[in-house]
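Trainee: Provided herewith is a single structure, encoded as structure tokens, for subsequent inquiry.
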Amino acid sequence: MLNLPNRIRRWREAAMLACMALLLAAPLPLAAAVSPPLQPLDRIVAIVNDDVITATELEQRLDLLEQQLRQQGGARPPRGVLRRQLLERLILTRIQLQLAAATGIRIDDETLNTTLTNIAAQNDLTLSEFREVLEADGFDFAQFREEIRQEIIIRRLRQRQVESRITVTEQEIDNFLINQRAQGKADEEYRLGHILIALPEAASPEEIRTARAKAEEVLARLRAGEDFAATAIAVSDGQQALEGGDLGWRKAGQLPTLFADRVRDMAAGDLAGPIRSPSGFHLIKLLDKRHGQRHVVTQTRARHILIRPVTRADGSRDDDAALAQIRRLRERLLAGEDFAGLAQAFSDDKASAIDGGDLGWVSPGQMVPEFERAMTALEPGEISEPVKSGFGWHLIQVLERREHDDTETRARNQARNQIFQRKVEEAAANWLRRLRDEAYVEYRL
């Protein structure tokens, strides 16, 4: 069957809504009564503020997790250890969903359906085909659908609570690139394994000593040959614990600040730690590293004419009229009229109309997909058929193409993203720790 992408598998890690049912049988005369087999009632394994996590919910999630770990191969912890780790993840997910509901974050069915359609398209499937594949692999589609809804809700919550408060300045980008070049490793990427032995906020000296001792004991086991991924699943309090602590491929600037300097001098397979931070003690392993390359792209210089549909009095858009106008303009262009002149006279993209519709040099990914697909298919000098995008109807003409080394531009964009992601990761970790510390959680496992 279809091998679902890792991010879709991670979406399945989101919590399922708790559901409990009690079947009541109508009383029968004693002589005629037939005793049905007793059905055990579901039990609560954790109370999270004013919500609960049930044993059924936890065990269903645990079955899915063990199935995924079997597919990945390698060592894995006992079921009891996995159950504890998974319960912590469910608790944290539930806390975030509660905050999202309290702050008015909702995901409507239209947004959810669009997301599911996009996931299906990434697997070269229609939505109905994607549903068939999921169900054939043993996944309940309705449950999967709600898990995706929850994932979108949590992402929007984090964007509002964390990401919207992060800024990256041009000076930070300049300093970042200068430091990278001075170290001679600006193009290196690292794949890191991570284990966190967490500390509560305002930890006592005794809690700090206990956590440090545990981290040193785990490090000794790793140095003695214990499998890192299995150990991370078993003991780590990090967000990637159930992925074996694998942080994936990252530039140095994408790594947490306290790891970056150590990683540069490590060889693949090396371990480091314990590294103290406000969140606890960290152990890291350099799983692999690689060098980047110069980046050359094909740029297109194009121009266009845009006709936006007119909005009617009832709020609908007159798409047919816009299409009819763009077709008339195309006929005039094919008859020899000047593209720049028609763009200046008729185009609704006023920013480019001043320059005769000229968009300048465009790199892959800059334009909306519909526009880019049509532009890429044109030869220089050719005029497109009418092209519809979210902005309206376009006529496109490619003027020329070139191969462009955008390594420097790409480096700045990557630096901006790396600084942003590093700040977000550090801020999100602190935010999640505060949420967890402030929540009421009662264990009944």
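The values are calculated or read from the model by the stated rules, or taken from the named source; none is laboratory data. Everything numeric in this text was worked out from a predicted model, so none of it was measured. A quick note on method: Cβ atoms are made from the backbone with ideal geometry, for glycine too, and the neighbour counts reach across all protein chains shown.
Trainee: Which condition from (1) modelled with pLDDT of 90 or more; (2) under 19 Å from the mean Cα position of the chain (by Cα) is the one that Glu170 breaks?
Mentor: (2)
Trainee: Just checking, how many residues over region 421-445 are under 21 Å from Gln96 (Cβ atoms) and part of a helix (DSSP H, G or I)?
Mentor: 17
Trainee: Sticking with this one: Output yes when any residue across region 153-166 is crowded, with 18+ Cβ neighbours inside 10 Å, aliphatic (A, V, I, L, M) and part of a loop (DSSP other than H, G, I, E, B), and no when none is.
Mentor: Checked region 153-166: at least one residue is crowded, with 18+ Cβ neighbours inside 10 Å, aliphatic (A, V, I, L, M) and part of a loop (DSSP other than H, G, I, E, B).
Trainee: Consider only pairs whose beta carbons are under 9 Å apart and that are at least six residues apart or on different chains; among these, list those whose first residue lies in region 227-238 and is outside the structural domain of Gly273 (by TED's automatic domain parsing) and whose second residue is crowded, with 20+ Cβ neighbours inside 10 Å and at pLDDT below 90.
Mentor: Nothing qualifies.
Okay, residues lined up against (1) under 27 Å from Ile197 (Cα atoms); (2) at pLDDT 85 or above; (3) within 21 Å of the chain's Cα centre (by Cα):
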site	(1), (2), (3)
Pro40	no, no, no
Ala55	yes, yes, no
Leu58	yes, yes, no
Gln67	yes, no, no
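Trainee: What are the pairs with Cβ atoms under 7 angstrom where one residue, in region 390-413, is touching a residue at least 12 places away in the same chain (Cβ under 8 Å) and the other, located anywhere, is part of a strand (DSSP E or B) and among the charged types (D, E, K, R)? Sequence gap at least six, or different chains.
Mentor: That search, which allows pairs on different chains as well, returns Gln397/Arg303; Leu399/Arg301; Leu399/Arg303; Glu400/Arg301.
Trainee: Select from region 289-310 the residues that are modelled with pLDDT of 90 or more and not in a strand (DSSP E or B) and list them in ascending order.
Mentor: Answer for region 289-310, where residues must be modelled with pLDDT of 90 or more and not in a strand (DSSP E or B): just Arg308.
Trainee: Separate question: Those residues that are over 23 Å from Leu432 (Cβ atoms), assigned to a loop (DSSP other than H, G, I, E, B) and in contact (Cβ under 8 Å) with a residue 40 or more places away in the chain, I need them from region 97-129; list them, please.
Mentor: Asn123, Leu125, listed by residue number.
Trainee: Kindly indicate the residue of region 341-350 that is surrounded by 12 or more Cβ atoms within 10 Å (Cβ to Cβ) and under 42 Å from the mean Cα position of the chain (by Cα) and also nearest to Glu382 (Cα to Cα) among those meeting that condition.
Mentor: Ranking the qualifying residues of region 341-350, first place goes to Ala343.
Trainee: Is it the case that some residue within region 381-394 is in the same structural domain as Ile326 (by TED's automatic domain parsing), surrounded by fewer than 16 Cβ atoms within 10 Å (Cβ to Cβ), within 29 Å of the chain's Cα centre (by Cα) and assigned to a helix (DSSP H, G or I)?
Mentor: no
Trainee: Can you report the number of residues in region 354-372 which are under 15 Å from Trp393 (Cβ atoms) and in a helix (DSSP H, G or I)?
Mentor: Total meeting the criteria: 2.
Trainee: Now for a different question. Can you tell me how many residues within region 220-254 are modelled with pLDDT of 85 or more, surrounded by 20 or more Cβ atoms within 10 Å (Cβ to Cβ) and more than 13 Å from Leu82 (Cα to Cα)?
Mentor: 4
Trainee: I've got another one for you. Please work out which one of (1) of a type in the set (Gly, Ala, Ser); (2) within 20 Å of Glu331 (Cα to Cα); (3) exposed (fewer than 15 other Cβ atoms within 10 Å of the Cβ) is the condition Gly365 fails and give its number.
Mentor: Unmet for Gly365, out of (1) of a type in the set (Gly, Ala, Ser); (2) within 20 Å of Glu331 (Cα to Cα); (3) exposed (fewer than 15 other Cβ atoms within 10 Å of the Cβ): (2).
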